[in-house]
Amino acid sequence: MSKVLSLNKSIYLIIALALLIFPFVSDSRTWTILLTQIFIFAILAMSYDLLLGYTGIVSFGHAMFFGIGAYSTGIVLDTFGPTLLFFVLSIAIGFILAAVVSFFVGILTLRLKSHYFAMLTLALSGLFLVAAEKWRSLTFGNDGFTFRAPEIFQDRLVFYLLSLGCLIAVFIFLKRFVSSPMGHVLISVRENENRTASLGFKTLHYKVIASVVAGVFASLAGSLYAVSLRFVNTSVMTMDITLDALLMTIIGGVGTLVGPILGAGVIELAQHYLSGLARDYPIFERWIILFGILYIVAVIFFPRGIVGGIQSIYARLTGKKVKVAGPMKKSVVKS
Amino acid sequence: MELLINLLINGLATGMLIFLLAAGLTLIFGLMSVLNFAHGGLFVWGAFAAVWMYATTGSFILAILGAVVTGVILGFVTEKLIITPVYGNHVQQILITLGFMLVLTEMIKVVFGPNQLAAKVPPYLAGSWEVGDVILIKYRMFIILIGFVVFGIIQFILKRTKIGLIVRAGVLNKEMVQALGNNIKQVFLFTFIAGAALAALGGALMAPYSGVVYAEMGLEFGILAFIVVVIGGMGSLPGSLMAAILVGLAGSFMAYYVPALSLAVNMILMALVLIFRPQGLFAAKG
Amino acid sequence: MTDLLEMRDVHTYIGEYHILQGVNFTAPKGQVSVLLGRNGAGKTTTLKTIMGLHPSKSGSILFEGNPIEKLPTHKIAQSGLGYVPEDQGIFATLTVEENIRVAMRDQSEATAERVDYVLKLFPDLKKFWKKDGGNLSGGQKQMLSMARAFVQDSRLLLIDEPSKGLAPVVIGKVIEAIHELKKQSTIVLVEQNFRMASLVGDTFTLIDDGRTVHTGEMGYLVENEEMKRKYLGIG
């Protein structure tokens, strides 16, 4: 087991190093921007995986936290000036807002069935979107506003490294988090909430904590996203963002943390190439249909995504039995 | 007075449209504990099918029929392809129906083009009646009428037919219904298709009411329908009707008197219900 | 052919738990067969497995010589089995009449006759015909549940602990009802109350830890103190 772990660890290390070196050997601006984008969405997708993959909570309002981060950063930098200090401050503000919102949403609905949480988050994020559209004095609505980022981020390379750094930090943090005693409780909540509760754990506390941590990291992704574009409009609050996080997590592999990163890469790259193709073949403008179908097929047939698939192939090759678990496991229906 | 009546009619008409959407949602949930996030997609397909049929044939009745048929076909396909494979797993159900919603919405753009379409009220339902000082807009009255008629028909089916009896019994105890020799899957398919047809009918009626149809309206109305189902109590049909009217009226009055709050009012209503009475105001079962 | 129902080496899992670990059981036609055993031995699961509510993983279940273990629950019921669950499974907000109608297979003369028969057998049901099932007393709910199971043209009734939670007087009525129903139908009974089991049962089958361990004439068990002590904790 420890050998496998160290194998995994060295693979991660090699990939991280390769990504670190990449911008110094390649001067492709397109690739630097694309990879930066992938890092940011990987953070978002991982935060989503903490909810879906590790705690078994389905949220349809993750865009709300992404949007909170994006607007916090955009508005703070635009109002107080593009300095590094205000950038850090804006991230902190995003954290606090996201934590407060996710805390209250969690307290309100996590004691109820999964349906309610999915529904309430969907409705609430709809409300945030409308608020962003209507509160024009602050957000400039759908037109959005541009703002200046701190000088140092003018260099794409610096921002690339910052995003990569954030990705690695969040990955390590979440990896530790899910293998901590707290993480084990979350997983057992996912597997069997009643049993966990009967063991004396206040499952609501743990679910709320997961929801707050996920909200905070989604906000971080939003902050980085806003700076990468130096522009914010209501699109950061839309369902599309939540769907992106969902697609990346499901296609990459729920409950793995690596899966969402991989998923972010696959989706962003495919999006990039397919929208390129759309210039010649208009049908590819609707590339999202392809993803939708892929997603549905994945939910039915490959509920553990790419990473799950690789794991079971690896297990078959080495003759080891892989533990099949996760939120997509068929459960006994009780009415 | 005139204003009050107008706001009332507005609210009722909107409420009825939401009810058509919520009716299927609540029955499907009550019977099978399936929360269908693709329900709004059936609504928007009904809307586009009706607009297209009306533009092609010039007959409003054919347009409505076309929408209902579209709903029936999509309902059948959705149940067989999307719901059945993940039956019994709530997380998968929630995830997959949302994915299907995405596909349905995008397919609208492929089939009908990415732009919004204008929808017209048929001439015989256009205009208004004047009763004293009060102006009653015909089409809104028509929607309210249809809403009550549909509610009456569903209630009749639930109370007076065998399949309605099985649906009501199934909401209470699925296992027992099967152990008494009834094929609940078949009943579920029937209910799902009926719910889809109602959603499509709602879309078809909505189109001339709002004047335009666009792909994203499915999600918008889907959210309203969810709010209604939560407020009314999942599984309760009369609850959905009451809650839909409540949400419709609240929206209409708030939009006039406190426009800033009009968007939040539904959310606040739902939050209050979730805090104080999570089983809904008119719950079918505890 | 005298065995209406026959189970051969049936295994059932619920989730990851191996509940039935080899159940062999026969219900002779026209008799009352009683399943006995401690709490959690697998008696209720045996009935649910027969009904397809907890489908078996292996083994065979024959009803009138036909395999039913792969059929969905409603097909099993339609082939002639009636089920009275432990909690009676009454549809609380449906009237007595509607509860019965859920079980009625068709509008035929034969079905109408069966309804008439159960209403004669349980006059209380006729009295509360238009009342909600949830408002009935415990004994009446038991009657309704048995009536409902019988009405659907069943030749075999599976009855799970009909005496549970009932007053002794009411238990007497249930025993009478079972004696009466026995004239029309074969009965498999799960019962904790040994006195009742010995009064209505023709044969017994002991289940212990998900396995059938003994079967025979009821009179034999009544006399056999050691067996009662070992498997039922009484005597």
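The values are calculated or read from the model by the stated rules, or taken from the named source; none is laboratory data. This structure is a prediction, so every number in the text was calculated from the model and none was measured. Here the Cβ is made from the backbone with ideal geometry for all residues, glycine too, and neighbour counts use every protein chain on show.
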Task: Residue check for residue B:27: more than 22 Å from residue B:119 (Cβ to Cβ) and under 16 Å from the mean Cα position of the chain (by Cα) - done: yes
Open item on the list: Within the range A:295-304, does at least one residue satisfy the condition of being within 21 Å of residue B:37 (Cα to Cα), in a helix (DSSP H, G or I), among the aromatic types (Phe, Trp, Tyr) and out of contact with any Ser or Thr (no Cβ under 8 Å at 6 or more places or on another chain)?
Closed with: yes
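Just to be sure, is residue A:304 within 25 Å of residue B:101 (Cβ to Cβ), within 14 Å of another protein chain (Cβ to nearest Cβ), in contact (Cβ under 8 Å) with a residue 12 or more places away in the chain and not hydrophobic (A, V, I, L, M, F, W, C)? Write out each step before concluding.
On the way: within 25 Å of residue B:101 (Cβ to Cβ): yes; within 14 Å of another protein chain (Cβ to nearest Cβ): yes; in contact (Cβ under 8 Å) with a residue 12 or more places away in the chain: yes; not hydrophobic (A, V, I, L, M, F, W, C): yes.
So residue A:304 fits the description; yes.
Results for (1) under 22 Å from residue B:25 (Cα atoms); (2) exposed (fewer than 15 other Cβ atoms within 10 Å of the Cβ); (3) at pLDDT 90 or above; (4) under 21 Å from the mean Cα position of the chain (by Cα), shown as yes or no for each residue.
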position: B:82; (1), (2), (3), (4): yes, no, yes, yes
position: B:86; (1), (2), (3), (4): yes, no, no, no
position: B:89; (1), (2), (3), (4): yes, no, no, no
position: B:92; (1), (2), (3), (4): yes, no, no, no
position: B:96; (1), (2), (3), (4): yes, no, yes, yes
position: B:101; (1), (2), (3), (4): yes, no, yes, yes
position: B:109; (1), (2), (3), (4): no, no, yes, no
position: B:122; (1), (2), (3), (4): no, no, yes, no
Task: Candidate set from the range B:242-272 (those that are more than 12 Å from chain A (Cβ to nearest Cβ) and among the hydroxyl-bearing types (Ser, Thr, Tyr)); member that is nearest to the chain's Cα centre (by Cα) - done: B:252
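Filter the range C:22-31 down to the residues that are closer than 23 Å to residue C:175 by Cβ and part of a strand (DSSP E or B) and list them by number. Don't jump to the end; show me each part of the working.
Going residue by residue through the range C:22-31, those that are closer than 23 Å to residue C:175 by Cβ are C:25, C:27-31.
Within the range C:22-31, C:25, C:27, C:28 meet the criteria.
Could you tell me whether the range B:177-184 includes any residue that is in contact (Cβ under 8 Å) with a residue 12 or more places away in the chain, more than 8 Å from every other protein chain (Cβ to nearest Cβ) and in contact with a helix residue (DSSP H, G or I) (Cβ under 8 Å, 6 or more places away or on another chain)?
Initial filter on the range B:177-184 (in contact (Cβ under 8 Å) with a residue 12 or more places away in the chain): B:182, B:184.
Pick out the ones that are also more than 8 Å from every other protein chain (Cβ to nearest Cβ) and you get none.
No, the range B:177-184 has no match at all.
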TODO: Give the number of residues within the range C:5-34 that are surrounded by 15 or more Cβ atoms within 10 Å (Cβ to Cβ) and aromatic (Phe, Trp, Tyr).
DONE: 2
Open item on the list: Taking the conditions exactly as written (surrounded by fewer than 19 Cβ atoms within 10 Å (Cβ to Cβ), at pLDDT 95 or above and in a helix (DSSP H, G or I)), does residue A:100 satisfy them or not?
Closed with: yes
- [ ] Any residue in the range B:61-74 that's crowded, with 16+ Cβ neighbours inside 10 Å and at pLDDT 95 or above: show its pairings with residues that are in a helix (DSSP H, G or I) and aromatic (Phe, Trp, Tyr) at Cβ separation under 6 Å, as long as the two are six or more apart or on different chains.
- [x] B:63/B:54; B:70/B:45; B:74/B:45
- [ ] Please give the helices (runs of 4 or more DSSP H) falling wholly within the range B:1-107 in which 3 or more residues are within 12 Å of chain A (Cβ to nearest Cβ) and either in contact with a helix residue (DSSP H, G or I) (Cβ under 7 Å, 6 or more places away or on another chain) or within 30 Å of residue A:53 (Cβ to Cβ) (or both).
- [x] B:2-32, B:39-57
Open item on the list: Among (1) surrounded by fewer than 17 Cβ atoms within 10 Å (Cβ to Cβ); (2) touching a residue at least 24 places away in the same chain (Cβ under 8 Å); (3) at negative phi, there is one condition residue C:204 misses while meeting the rest; what is its number?
Closed with: (1)
TODO: Could you run through the range B:155-173 and say how many residues are surrounded by fewer than 19 Cβ atoms within 10 Å (Cβ to Cβ) and either facing chain C (nearest Cβ under 8 Å) or not polar (S, T, N, Q) (or both)?
DONE: 8
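How do the helices (runs of 4 or more DSSP H) wholly within the range A:113-197 filter down when requiring 2 or more residues that are without any contact (Cβ under 8 Å) to a residue 60 or more places away in the chain and of a type outside the set (Ser, Thr, Tyr): which remain?
Working: elements: A:114-134, A:136-139, A:156-179, A:181-191.
It comes to A:114-134, A:156-179, A:181-191.
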TODO: Filter the range B:206-218 down to residues that are surrounded by 22 or more Cβ atoms within 10 Å (Cβ to Cβ) and out of contact with any Leu (no Cβ under 6 Å at 6 or more places or on another chain), then give me how many there are.
DONE: 5
Open item on the list: When you scan the range B:133-148, do you find a residue that is in contact with an Asp or Glu (Cβ under 9 Å, 6 or more places away or on another chain), at pLDDT below 95 and farther than 24 Å from residue B:17 by Cα, even just one?
Closed with: yes
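Determine which member of the set A:48, A:54, A:71 is buried (at least 19 other Cβ atoms within 10 Å of the Cβ), under 11 Å from the mean Cα position of the chain (by Cα) and part of a helix (DSSP H, G or I). Before you say what the answer is, go through the steps one by one.
Values: A:54 fails: under 11 Å from the mean Cα position of the chain (by Cα); A:71 fails: under 11 Å from the mean Cα position of the chain (by Cα).
Checking each option against the conditions leaves just A:48.
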Task: Looking only at the range C:72-97, and only at residues there that are out of contact with any strand residue (DSSP E or B) (no Cβ under 9 Å at 6 or more places or on another chain) and surrounded by fewer than 18 Cβ atoms within 10 Å (Cβ to Cβ), the one that is farthest from residue C:4 (Cα to Cα) - done: C:97
Open item on the list: Just to be sure before I move on: is residue A:243 hydrophobic (A, V, I, L, M, F, W, C), farther than 9 Å from residue A:70 by Cβ and out of contact with any Lys or Arg (no Cβ under 9 Å at 6 or more places or on another chain) in the structure I sent?
Closed with: yes
Open item on the list: Suppose the filter is free of Cβ contacts under 8 Å to residues at least 40 places away in the same chain and on the phi < 0 side of the Ramachandran plot; does residue C:112 pass it?
Closed with: yes
Open item on the list: Looking at (1) modelled with pLDDT under 90; (2) part of a helix (DSSP H, G or I), which one does residue B:185 not meet, given that it meets all the others?
Closed with: (1)
- [ ] Report whether or not residue C:154 is part of a helix (DSSP H, G or I), of a type in the set (S, T, N, Q) and touching a residue at least 24 places away in the same chain (Cβ under 8 Å).
- [x] no
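Let's see how each residue does on (1) among the small types (Gly, Ala, Ser); (2) out of contact with any Cys (no Cβ under 8 Å at 6 or more places or on another chain); (3) in contact (Cβ under 8 Å) with a residue 40 or more places away in the chain:
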site	(1), (2), (3)
C:172	yes, yes, no
C:180	no, yes, yes
C:199	no, yes, no
C:213	no, yes, no
C:228	no, yes, no
- [ ] Look through the range A:10-27, keep the residues that are surrounded by 11 or more Cβ atoms within 10 Å (Cβ to Cβ) and over 16 Å from residue A:169 (Cβ atoms), and return whichever of them is farthest from the chain's Cα centre (by Cα).
- [x] A:26
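Given B:278, B:238, which one is surrounded by fewer than 20 Cβ atoms within 10 Å (Cβ to Cβ), within 14 Å of another protein chain (Cβ to nearest Cβ) and part of a loop (DSSP other than H, G, I, E, B)?
Details: B:238 fails: part of a loop (DSSP other than H, G, I, E, B).
Of the residues listed, the single one that is surrounded by fewer than 20 Cβ atoms within 10 Å (Cβ to Cβ), within 14 Å of another protein chain (Cβ to nearest Cβ) and part of a loop (DSSP other than H, G, I, E, B) is B:278.
Consider residue A:228 carefully, then state whether it is surrounded by fewer than 24 Cβ atoms within 10 Å (Cβ to Cβ), on the phi < 0 side of the Ramachandran plot, of a type in the set (S, T, N, Q) and over 11 Å from the mean Cα position of the chain (by Cα).
On the way: surrounded by fewer than 24 Cβ atoms within 10 Å (Cβ to Cβ): yes; on the phi < 0 side of the Ramachandran plot: yes; of a type in the set (S, T, N, Q): yes; over 11 Å from the mean Cα position of the chain (by Cα): yes.
Yes, satisfied.
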